[in-house]
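The values are calculated or read from the model by the stated rules, or taken from the named source; none is laboratory data. Keep in mind that this is a model prediction, so the values were computed, not measured. Cβ placement follows ideal geometry from the backbone for every residue including glycine, while neighbour counts extend to all protein chains displayed. Ligands, DNA and RNA are excluded from the accessible area calculation, which covers all protein heavy atoms including side chains. Shrake-Rupley method; radii C 1.70, N 1.55, O 1.52, S 1.80 Å.
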Amino acid sequence: MEKAQVIILLEKYWQAETTIAEEQALASYFREDPVDPELEVYRDVFFYFREEAKVSAGPGFGNRILQRLGLPLEEETPVVPIFRQPFRLGVVGAAAAILLVVAGLFLLRPLGQPTMLADNQPAAGHRDTQAATRTQPTQEAHAVASTRIADTYDDPEQALAAVRRALLVASRNLNQGRREITGTSK
Amino acid sequence: MNTCKKWLFLLPLLLLGAGAFAQEDAIGQFFGKYVDDPRFTVISVSPRMFRLMSKVRWDSVPGDLKQTVANLHSFRVLSTDATPLKFYKEALTLIDRKQYEELISVRSGGSKDNVRFMVKENGDKISELLMIAADEDGFTLMSFVGDIDLNKLSRLSADMDIKGMDNLKNYKHK
């Protein structure tokens, strides 16, 4: 832009007769080097307007105005997420933690755990039990437990004989232990 | 990223839950560990089998035995003749002393002959009786679950000829 043109526009500017486009043209002239030494003094004027345009209202400005006017305050939007989010995350986290512990209890149940669930399987030899549970993947954990304590005997009579024998062993050891404690043995 | 960290933090909780459970059932753990081990003889009688037993002819079964069996819920045995004292020690370390109270402990022959009885109590009733026995010939871990009356159990062998029963310390499966 020519110096003469700038001077004309400046005259118009002081008269407040410039259009927005003209004002922008002036601003861009003073923003760019080189500025004619005679016009140098005006540079600060446009620089000042540019800098001041960047300033915006600080936090809580709206409320300060409302307070002055004696009107009800608006909700402080920047404060809300800081206050609420950790609370909600805490609840979700706690729920997740409980879920995980419960899941841990059931899914990672030790294999040798005796369980009543074995009882609910179809009545037949333990081979049948295994087959039945294989077709029910939702009962996988139960299946593991039931196969682990699968019956050694299919015949109750044999099972009774084994239990009877074991009871005798336990009984005898128990009595021997008691005798040794009371000092009547040997 | 932040959520990722949170989940990482929660992961140990999962293991904690499982860990607590594992600790609770040390005997189950021992059974689970050795149930497929070829060195061990395993006998397991499930609650279902105990119910089926009621259909067996009981004529030849003495009264005390009948009542004792009727109150049992499940029964398991693990026995082996391989490194018995090692397994004996392992079994003892796996037992949760908070749950199982030691009833009788006999040690003779310079720690080579051991029998221990432990019980899990439910109120004033015994809900599980554990017998752990080991000598140089074998190791036996026996678990009776049910309503156990020690006096009845004691009577089962009281009238028997002691001499003929010497080999019965450990349960030997035929």
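Points worth noting:
- Sites B:Glu136 and A:Arg179, calculated FRET efficiency, Cβ-Cβ separation with R0 25 Å, nearest 0.05: 0.70
- When peptides A:89-98, B:73-82 are ranked by their average number of other Cβ atoms within 10 Å per residue, the highest-first order is B:73-82, A:89-98.
- Chains A and B together bury roughly 5400 Å² of accessible area, counting both sides, with a 1.4 Å probe on protein heavy atoms only.
- Cross-linked pairs B:Lys89/B:Lys152; B:Lys33/B:Lys86; B:Lys89/B:Lys120: Cα-Cα separations exceed 24 Å for B:Lys89/B:Lys152.
- Of the listed residues A:Glu17, A:Glu22, the order by accessible area with a 1.4 Å probe, largest first, is A:Glu17, A:Glu22.
- Placing a pseudo-label 7 Å from each Cα along the Cα-to-Cβ vector at A:Arg31 and A:Glu52 gives an inter-label distance of 1.8 nm.
- Carbon plus sulfur fraction of accessible area for region A:1-62, probe 1.4 Å, in percent: 56
- At the residue level, A:Phe49 shows approximately 100 square angstrom of accessible surface with a 1.4 angstrom probe and all protein chains present.
- When restricted to Cα atoms, region B:28-70 yields an Rg and a Dmax of 14.5, 39 Å, respectively.
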